[in-house]
Amino acid sequence: MSDNRSTFITDVKTLRERARQHLGRGAVTSTYSGDVSKTIEILQNVLATEIVCVLRYTMHSITAAGISSEAVKAEFAQHAKEEQEHMTAVAERINQLGGRPNFSPEGLATRSASQYVEGENLVDMIKENLIAERIAIDHYRELVRFFGDNDPGTRVMLEGILVVEEEHANDMHDLLVNHEGRPMLER
């Protein structure tokens, strides 16, 4: 009975020889079992999603107004910074896989899983950010399952982003609960 997880390459010479082949592929070696083109295509959409989130949170951090808005603005600004870190990580992964990250604003809204909604007031802004985070959470969970063991590098990156998106959703939920003056929102 052969188990791929227990198979270990002990022939260092073979590893060294394979490493010298196809240098133009960079980090994509012969052991990469994913579909590079499909991965890059998916990550371009993830990149667009993160760009939209950076833009939305930045807009909200500047325009939020009302009672307690300064603390909320600071939260929005922090989330914008973290979304920008996600954006950079995704762009770097696209580059590692031999792609060129698409930062073009043309078609950005159609490539993104989340939407850019400004909101009419502070509560609307919080709700729109919570909705966007919930979209991202479901999307990234799906992508983590999709990449599985075929692309552990991309999967681990997305798992890290997912954890932060869950924190963001929790933060937005807490802000809404605080505004409502109740311990929990309706389920």
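Every number in this text was worked out from the coordinates using simple rules, so none of it is lab data. In this text the structure is predicted, and so the values were computed from the model without any measurement. Cβ atoms come from the backbone with ideal geometry, glycine included; neighbour counts cover every protein chain shown.
Using the Cα gyration tensor of the stretch 92-187, with a ≥ b ≥ c the square roots of its eigenvalues, what is the shape: rounded (a/c below 1.5), prolate (a/b larger than b/c) or oblate (neither)? Cα axes put the stretch 92-187 in the oblate bin.
Mind grabbing the base-10 log of I(q)/I(0) for the stretch 23-154 at q = 0.09, 0.19 Å⁻¹? Debye formula, identical points on the C-alpha positions, no solvent, two decimal places. Log10 I(q)/I(0), no solvent term: -0.30, -1.03. Here the stretch 65-140 was treated as a single set of alpha-carbon atoms; its pair distances binned every 10 Å from 0 give 16, 42, 31, 10, 2 percent. Residue-wise HN-Hα couplings along the stretch 55-72, as the Karplus relation 6.51 cos²θ - 1.76 cosθ + 1.60 with θ = phi - 60° gives them from phi, are 5, 5, 5, 5, 4, 5, 5, 8, 9, 4, 9, x, 4, 6, 5, 4, 5, 5 Hz; Gly and Pro carry x. Calculated FRET efficiency, ASN121 to THR88, Cβ-Cβ distance, R0 = 25 Å: about 0.20 to the nearest 0.05.
Length gained on full extension, GLU17 to GLN78: 17.3 nm, using 0.36 nm per residue less the C-alpha separation. Charging the Cβ of each Asp and Glu at -1 and of each Lys and Arg at +1, and nothing else, the dipole of the stretch 44-187 about its Cα centre rounds to 300 debye. Excluding residues fewer than 8 places away in the same chain, name every one of the lysines whose C-alpha is closer than 29 Å to that of LYS127. The qualifying lysines are LYS73, LYS81.
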